[in-house]
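Asks: Below: one structure in structure tokens.
The values are calculated or read from the model by the stated rules, or taken from the named source; none is laboratory data. Keep in mind that this is a model prediction, so the values were computed, not measured. Every residue, glycine among them, receives a Cβ derived from its backbone with ideal geometry; neighbour counts consider all protein chains shown.
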Amino acid sequence: MTPEVKAFFDDATNTVSYVVKDPGSAKCAIIDSVLDFDFSSGRTDTKFADQIIAYVKAEGLEPEWLLESHVHADHLSAAPYIQEQVGGKIGIGEKISVVQNVFGKIFNEGTRFQRDGSQFDKLFQEGDSFKIGGLNVNVMHTPGHTPACLTYVVEDSAFVGDTMFMPDFGTARCDFPGGSAETLYSSIQKILSLPDETKIFVGHDYKAPGRDEFAWETTVGEQKAKNVHVAADKDKDTFIAMRTKRDGELSLPKLIVPSIQVNMRAGQMPEAEENGQVYLKVPINVL
């Protein structure tokens, strides 16, 4: 079977969220949702997530899963809000505990912050399989961008998160804590070992120079032939050297500080302080 895929593009963060539907039923999954956040005011909004919810309700869909490809550093997850509105279990890779340990220290979260992934409904590992209605989903652990990155292979379609982008834009950065260009290269080779006709849905698009429209769907075969970072003529050492140099020139995502604190909690805000107010921390001279 081929899943029915509806994409939602968030202009503010260049994120692509997906509703993945079983063609034989009303069951679906929502992948990598976005909660609007204005850092200058500290205000959240649900306009983008509400578009997804409206679509789900209008189509009479029944979300079984709210899937995260990893702990995003460029947007806040809307999974808890969507779960409250339309249901579904929140899932992520089991290596979330690694991310929680690293950033729990960076943000000085203390002992009350659980570092075992228990904030999520389901922790997936390499080789796991589950269902979206009648659709078969296989889980691939594809770290490198972060330790907890997953690729969800839904029948003939792979949702790769930030691991790879469109062929003309290349691959994800590897300079976050726990990232590794060598590991990312191996993960990408795992994805590229899927059949050439496998559809690839990416987690972001930044519209590479010379391209007029945003895009988020490609294939394994196209990536192998045309990806500017990992096409067949690019070897491992060349990739590592390129990725390391390129990452050294990148600035951090604008929303990394709030995003990590929220997303490592499965999209929940930190606990309110004694005055009833929720706060996000900004570590000075750390990141």
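Here's the yes/no breakdown for (1) in contact with a helix residue (DSSP H, G or I) (Cβ under 9 Å, 6 or more places away or on another chain); (2) part of a strand (DSSP E or B); (3) of a type in the set (Asp, Glu):
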{"site": "ALA73", "(1), (2), (3)": "yes, no, no"}
{"site": "TYR81", "(1), (2), (3)": "yes, no, no"}
{"site": "ILE90", "(1), (2), (3)": "yes, yes, no"}
{"site": "VAL98", "(1), (2), (3)": "no, no, no"}
{"site": "GLU109", "(1), (2), (3)": "yes, no, yes"}
{"site": "GLN114", "(1), (2), (3)": "yes, no, no"}
{"site": "SER118", "(1), (2), (3)": "no, no, no"}
{"site": "LEU123", "(1), (2), (3)": "yes, yes, no"}
{"site": "PHE130", "(1), (2), (3)": "no, yes, no"}
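Asks: Out of everything in region 196-217 that is among the small types (Gly, Ala, Ser) and over 15 Å from the mean Cα position of the chain (by Cα), what residue ends up being surrounded by the most Cβ atoms within 10 Å (Cβ to Cβ)?
Replies: Applying the filter and picking the extreme gives ALA215.
Asks: Filter region 113-151 for residues that are farther than 25 Å from MET269 by Cα and of a type in the set (A, V, I, L, M, F, W, C); which is surrounded by the fewest Cβ atoms within 10 Å (Cβ to Cβ)?
Replies: Residue satisfying both the conditions and the ranking: PHE130.
Asks: Quick check, is PHE214 part of a loop (DSSP other than H, G, I, E, B), modelled with pLDDT of 95 or more and aromatic (Phe, Trp, Tyr)?
Replies: yes
Asks: Can you confirm whether region 34-52 contains a residue that is of a type in the set (Lys, Arg), more than 19 Å from the chain's Cα centre (by Cα) and part of a strand (DSSP E or B)?
Replies: yes
Asks: Now a separate question. With the requirement that a residue be under 20 Å from GLY161 (Cα atoms) and among the small types (Gly, Ala, Ser), what does region 45-94 give you?
Replies: ALA49, SER69, ALA73, SER77, ALA78, ALA79, GLY88, GLY91, GLY93
Asks: When you go through ASP74, ASP36, ASP45 one by one, which is the residue that is touching a strand residue (DSSP E or B) at 6+ places or on another chain (Cβ under 6 Å) and closer than 15 Å to ASN263 by Cα?
Replies: Every option except ASP36 fails the conditions.
Asks: Give the residues of region 58-71 that are assigned to a loop (DSSP other than H, G, I, E, B), of a type outside the set (Asp, Glu) and in contact with a Ser or Thr (Cβ under 8 Å, 6 or more places away or on another chain), sorted by residue number.
Replies: SER69, HIS70, VAL71 - these are the residues of region 58-71 that are assigned to a loop (DSSP other than H, G, I, E, B), of a type outside the set (Asp, Glu) and in contact with a Ser or Thr (Cβ under 8 Å, 6 or more places away or on another chain).
Asks: Checking VAL286 against (1) of a type in the set (A, V, I, L, M); (2) under 29 Å from VAL102 (Cβ atoms); (3) modelled with pLDDT of 95 or more; (4) not in a helix (DSSP H, G or I), which single condition isn't satisfied?
Replies: It is condition (3) that VAL286 fails.
Asks: Right, another one. Anything in region 11-56 that is surrounded by 21 or more Cβ atoms within 10 Å (Cβ to Cβ) and charged (D, E, K, R)? List them, or say none.
Replies: LYS21, ASP22, ASP32, listed by residue number.
Asks: Consider VAL220 against the criteria (1) out of contact with any helix residue (DSSP H, G or I) (no Cβ under 8 Å at 6 or more places or on another chain); (2) surrounded by 15 or more Cβ atoms within 10 Å (Cβ to Cβ); (3) touching a residue at least 60 places away in the same chain (Cβ under 8 Å): it satisfies all of them except one. Which criterion is unmet?
Replies: Only one criterion in (1) out of contact with any helix residue (DSSP H, G or I) (no Cβ under 8 Å at 6 or more places or on another chain); (2) surrounded by 15 or more Cβ atoms within 10 Å (Cβ to Cβ); (3) touching a residue at least 60 places away in the same chain (Cβ under 8 Å) is unmet by VAL220, namely (1).
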